[in-house]
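The structure is given below, and queries will be raised subsequently.
The values are calculated or read from the model by the stated rules, or taken from the named source; none is laboratory data. This structure is a prediction, so every number in the text was calculated from the model and none was measured. Note that each Cβ is placed from the backbone with ideal geometry, even for glycine, and that neighbours are counted across all protein chains shown.
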Amino acid sequence: MDSFIPLCKADELPIGEMKAFTVGNRRILLANVSGTYYAMDGECTHECGYLDEGDLEEDTVVCPIHFARFSIITGKVLEGPAEEDAVCYKVEVRNGTVFVSFK
Ligand code: FES
């Protein structure tokens with residue numbers, strides 16, 4: 001069964017913005033794309049750039065270090081130099097709070 005952990009209130013993260021959260025020893029990136037929330041690992045799979053310090057262009061996250069591009073929806077690398085896809089996490093909004101599941 002999935003165990004969901006609360007990250008923030010949904011209205012704390014406006015459409016088009018993303019933010020990092022520390023959960024245990026993980027850095028999790030949460031993004032609001034057109035009112036839907038998506039979560040994935042917050043460190044770039046290339047050389048661990050902090051993705052929340054990059055840009056969110058619609059559903060694409062751009063790493064601030066060497067500008068790799070990832071889909072926030074699937075975690076897939078859209079453009080290198082990163083080669084490894086990012087891990088995505090299941091997100092649910094319940095009563096105005098955003099939860100993420102790590103399995
Ligand atoms: S650290 Fe992200 S592209 Fe190099």
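Among the numbered criteria (1) over 20 Å from residue 94 (Cα atoms); (2) surrounded by fewer than 19 Cβ atoms within 10 Å (Cβ to Cβ), which one does residue 11 miss?
Only one criterion in (1) over 20 Å from residue 94 (Cα atoms); (2) surrounded by fewer than 19 Cβ atoms within 10 Å (Cβ to Cβ) is unmet by residue 11, namely (1).
Of the numbered conditions (1) of a type in the set (A, V, I, L, M, F, W, C); (2) surrounded by fewer than 16 Cβ atoms within 10 Å (Cβ to Cβ); (3) in a loop (DSSP other than H, G, I, E, B), residue 93 fails exactly one; give the number of that condition.
Going through (1) of a type in the set (A, V, I, L, M, F, W, C); (2) surrounded by fewer than 16 Cβ atoms within 10 Å (Cβ to Cβ); (3) in a loop (DSSP other than H, G, I, E, B) one by one, residue 93 breaks only (3).
Considering only residues that are part of a helix (DSSP H, G or I) and either crowded, with 20+ Cβ neighbours inside 10 Å or touching a Gly at 6+ places or on another chain (Cβ under 9 Å) (or both), which ones fall in the range 45-56?
Within the range 45-56, the subset part of a helix (DSSP H, G or I) is 51-53.
If the condition is that a residue be part of a helix (DSSP H, G or I) and either crowded, with 20+ Cβ neighbours inside 10 Å or touching a Gly at 6+ places or on another chain (Cβ under 9 Å) (or both), then 51, 52 are the ones that fit.
So that you can scan it fast, the table gives a plain yes or no per residue for (1) touching a Lys or Arg at 6+ places or on another chain (Cβ under 7 Å); (2) on the phi < 0 side of the Ramachandran plot:
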site: 15; (1), (2): no, yes
site: 39; (1), (2): no, yes
site: 43; (1), (2): yes, yes
site: 49; (1), (2): no, yes
site: 58; (1), (2): no, no
site: 62; (1), (2): yes, yes
site: 79; (1), (2): yes, yes
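I'd like to verify a number: residues in the range 41-56 that are in contact with a strand residue (DSSP E or B) (Cβ under 6 Å, 6 or more places away or on another chain) and within 13 Å of the ligand (Cβ to nearest atom), how many? Before the answer, list the steps.
Of the residues in the range 41-56, the ones in contact with a strand residue (DSSP E or B) (Cβ under 6 Å, 6 or more places away or on another chain) are 42-43, 51-52, 54-56.
From the residues that got through so far, the ones that are within 13 Å of the ligand (Cβ to nearest atom) too are 42-43, 51-52, 54-55.
Adding up the residues that qualify gives 6.
Counting just the residues of the range 62-85 that are buried (at least 17 other Cβ atoms within 10 Å of the Cβ) and more than 10 Å from the ligand (Cβ to nearest atom), which one comes out farthest from residue 27 (Cα to Cα)?
Step by step, filter the range 62-85, then rank; the result is 71.
Taking the range 19-44 as the search range and keeping residues that are at pLDDT 95 or above and not in a strand (DSSP E or B), which one is farthest from residue 90 (Cα to Cα)?
This residue is 44.
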